[in-house]
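In what follows, a structure is listed as structure tokens, so that the remarks can point back to it.
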Amino acid sequence: MVGSQALVAYQRPDGRFYAYASPIDSYDTRLQEGRLSFSFSALSGTFVNSEMTIFASLQLTSGTVMINQVWQTGPLKGGTPAIHASTADHLTSLGTLDLINSDAT
Ligand code: HEM
């Protein structure tokens, strides 16, 4: 959704794995690479048994207790990410991460 600070990963046509950051500022996005509103390091990913996992260390503002989290999966079109499906599971892929109580809702 607009406002998301996305970490994206996909396999390029030449087989290379590509993990990068993309701030989503409009629904016209093609998930172009860009700067997020927070710093991060050690961005990487794996693609094993058709399952993709993205890793990164996020540098959070001091005092951050709760994080709104979204996740998504979608197709590639012409080699770049295209819009995801809008069935219920794609529109409810969000939650709140409680950094103090390690409790996800
Ligand atoms: C090509 C990139 C993308 C496009 C064009 C796109 C477009 C859209 C559109 C049109 C909606 C429906 C909006 C509404 O119902 O008001 C939506 C919903 C949503 N998208 Fe995306 N999206 C993209 C990428 C992403 C990514 C990368 C994520 C997460 C990392 C994401 C997470 C969500 C979620 C959680 C919703 C449902 C919540 C909501 O509607 O506010 N989307 N997206």
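Could you do me a favour and compute the accessible area per residue for the chain, 1.4 Å probe, result in Å²?
Numbers: 7620 Å² over 105 residues.
Dividing the accessible area of the chain by its residue count gives 73 Å².
Per residue of the range 45-54, in order, report the coupling 6.51 cos²θ - 1.76 cosθ + 1.60 (Karplus, θ = phi - 60°) as ³J(HN,Hα) in whole Hz, putting x for Gly and Pro.
Using θ = phi - 60°, the values come out as x, 10, 9, 10, 6, 6, 10, 9, 10, 10 Hz.
Could you work out how much longer the chain between Y27 and A88 gets when fully extended? Use 0.36 nm per residue separation minus the Cα distance between them, nm to one decimal. Could you put the intermediate results ahead of the total?
Numbers: separation 61, 0.36 × 61 = 21.96 nm, distance 1.83 nm.
Contour length minus the Cα-Cα distance gives 20.1 nm.
Quick one: how many Å² of D14 are accessible to a 1.4 Å probe, rounded to 10?
Looks like 100 Å² after rounding.
Ignoring ligands, DNA and RNA, please state the percent of accessible area on the chain from carbon and sulfur, probe 1.4 Å. Walk me through the numbers on the way to the answer.
Numbers: 4020 of 7620 Å².
After summing per-atom areas, the C and S share lands at 53 percent.
What is the calculated FRET efficiency for V70 to N49, with r their C-beta to C-beta distance and R₀ = 22 Å, to the nearest 0.05?
Working: r = 24 Å, r/R0 = 1.08.
Taking R0 as 22 Å, the efficiency between V70 and N49 is 0.40.
Two decimals is fine: what's Rg over Rh for the range 5-104, C-alpha atoms, Kirkwood radius as Rh? Walk me through the numbers on the way to the answer.
Values: Rg = 14.5 Å, Rh = 15.1 Å.
Here the Rg-to-Rh quotient is 0.96.
The values are calculated or read from the model by the stated rules, or taken from the named source; none is laboratory data. None of the values given here were measured: they were computed from a predicted structure. Using ideal geometry, Cβ is built from the backbone for each residue, glycine included, and neighbour counts are taken over all protein chains shown. Side chains are part of the model used for accessible areas, which takes the heavy atoms of the whole protein and leaves out ligands, DNA and RNA. Shrake-Rupley method; radii C 1.70, N 1.55, O 1.52, S 1.80 Å.
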